Amino acid sequence: MHPSGAWHHAFGGSLVLDCSTMSELVAIRRPRTGLPRTDETGPNLRGMSPDELAAFVQQTLGGPRYRADQVYEWLHKHRVTSFEAMTNLGKAQRAALGEASTVRGLDVDTVLRSVDGTRKLRLRTSDGHQIESVLIPNDGRGFTLCISSMVGCSLTCQFCATQTLGFQRNLAAWEIVDQVYRAQTLLADDAAADDAQWAPRITNLVLMGMGEPLHNFVQVRRAIDLLTDDRGAGIAGRRITVSTAGLVPAIERFGREGLAEEVGLAVSLNATTDAVRDQVMPINTKWNIETLLATVRALPANRRRRITYEYVLLDGVNDTDADAARLIGLLEGSGAHVNAIPFNPHAGAPYGRPSAQRVSRFVERLRRGGVAVHVRTPRGDDIGAACGQLALDAGSSAQPS
Ligand code: SAH
């Protein structure tokens, strides 16, 4: 077996089938559902945990553990995308690692800048797909980064632009973390261009871009472990939010495997009756509102206060007084927050954004009913970067730079 064969299937490589389970084998054989198949040069080291990286470096170079620690720092702290940049390794060592593996990152295709300071990054994967991430300035300091977990999406939520792309494939952990690193590098480059002393920080991370993160559980988990590591991006778990359309078995797993203790969960509810939710989010025909809410309530008690329900307001569809009353009833006693998101229009969906008066009326009713609610103002909608507009071709009035 190729010395690095064991790493291929785990980290997105394709050549050596060293799969331990049938399902992984299937995932590799079906490119539409699997991970990238392009690492001709072996696994991507950026997706490995510190221990896995140590084992790989030891196997490839031999020698002490600190060598692996050096490589880890280059990848996750300095965000380099080539072995040549790892200047504290010898030439022969860099060559040996390059023979057996890769550290390439995502290519930045385009950066779109909104008048409100939001920036959309269009990134290209090594197998030619495009994905998007959105940098949103916080009200205070720093930025929130919204990242993608898939190319396209496996779900068919009718109001969402991403669903028009269909499901192409999951992102590998290294592609998820590299979205953060490319955004950090952009902020650093912008700061340098402005002669600023410090680049602003990415303080918050939301997995609300393209894709259903809980459908890509293993790679998302792996990425979160890397991104919360102080030796890399060091983003606190409490500042990371995973958003789900309501994949019940995966929410259970999220609780069972301790992820619910580490990061926040946002659940896209988006309707108050099964009849409407079946229409707008067909996943509801599999796990309906009652099942979904019961699953969320069953998460460890100390975590429930961190649950947010997202509610996209669709004009005339789910924004009536009766909806507000039902929503109060559904969430009664849960202590959960509601994030109301006025629909962001795009060509792929037959819905409209409710008027500002309708939005306030809905929100006021919730508040009077004792529900904590926050209205998410659209950010970056002039560059097609607002919630649900990520579809790669969203019309833009802003100039790429
Ligand atoms: N699949 C995950 C994460 C991606 S969608 C999920 O469903 O939660 C992130 C959020 O954007 C969800 O709450 C979704 O309901 C919302 N959204 C999708 N399309 C939207 C649109 N056009 N306008 C406003 N919000 C939208």
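Things worth noting here:
- Partners of Lys120 within straight-line reach, counting lysines whose Cα lies under 28 Å from its Cα and excluding those fewer than 8 residues away in the same chain: Lys77.
- For the stretch 45-100, averaging the sequence separation of C-alpha pairs within contact (under 8 Å, six or more residues apart) and dividing by the residue count gives a relative contact order of 33 percent.
- Between Asp230 and Gln279, the contour length at 0.36 nm per residue exceeds the Cα-Cα span by 13.3 nm.
- Across the chain, the mean sequence separation of Cα contacts (distance under 8 Å, 6 or more residues apart), normalised by length, yields a relative contact order of 14 percent.
- Fewest-first ranking of Val296, Val375, using other Cβ atoms within 10 Å as the exposure measure: Val375, Val296
- Among beta bridges that DSSP assigns inside the chain, antiparallel share in %, nearest 5: 45
- Candidates per chymotrypsin sites (Phe, Trp or Tyr not before Pro) in the stretch 163-228, loop by DSSP, up to 12 other Cβ within 10 Å: Trp198
- Loop sites in the stretch 229-320: chymotrypsin sites (Phe, Trp or Tyr not before Pro), DSSP, at most 10 other Cβ within 10 Å: none
- Using the empirical formula 2.2 N^0.38 Å as the baseline, the Cα radius of gyration of the stretch 166-297 reaches a ratio of 1.22.
- Using the average count of surrounding beta-carbon atoms within 10 Å as a protection proxy, the listed peptides 348-356, 125-133 rank, highest first, as 125-133, 348-356.
- Taking other C-beta atoms within 10 angstrom as a stand-in for reagent exposure, Thr164, Thr102 fall in the order Thr164, Thr102, fewest first.
- Gain in span if fully extended, Arg141 to Ser82, counting 0.36 nm per residue against the direct Cα distance: 18.1 nm
- Globularity index of the chain is 1.01 (Cα radius of gyration / 2.2 N^0.38 Å, N = number of residues).
- Ranked by the mean number of other Cβ atoms within 10 Å of their residues, highest first, the peptides 359-372, 136-149 fall in the order 136-149, 359-372.
- In this label model, Glu99 and Gln197 are separated by 4.8 nm, measuring between points 7 Å along each Cα→Cβ vector.
- Each helix, a run of at least 4 DSSP H residues, gives -39500 (n - 2.57); summed and divided by the residues of the chain, these come to -9500 deg cm²/dmol at 222 nm.
- Alpha-carbon spread of the stretch 100-168, three principal axes, descending order, Å: 41, 40, 17
- Cα-only radius of gyration and Dmax that characterise the stretch 45-100, units Å: 9.9, 24
- Restricting the stretch 175-278 to trypsin sites (Lys or Arg not before Pro) that sit in a DSSP loop and have at most 15 other Cβ atoms within 10 Å of their own Cβ leaves Arg201, Arg231.
- The stretch 185-326 - percent relative contact order, Cα under 8 Å, separation 6 or more: 20
None of the figures in this text is laboratory data; all of them are computed from the coordinates on show. Everything numeric here is computed off the predicted structure, so don't read it as measured data. Don't worry about glycine lacking a Cβ; one is built from the backbone with ideal geometry, like all the others, and counts go over all protein chains shown.
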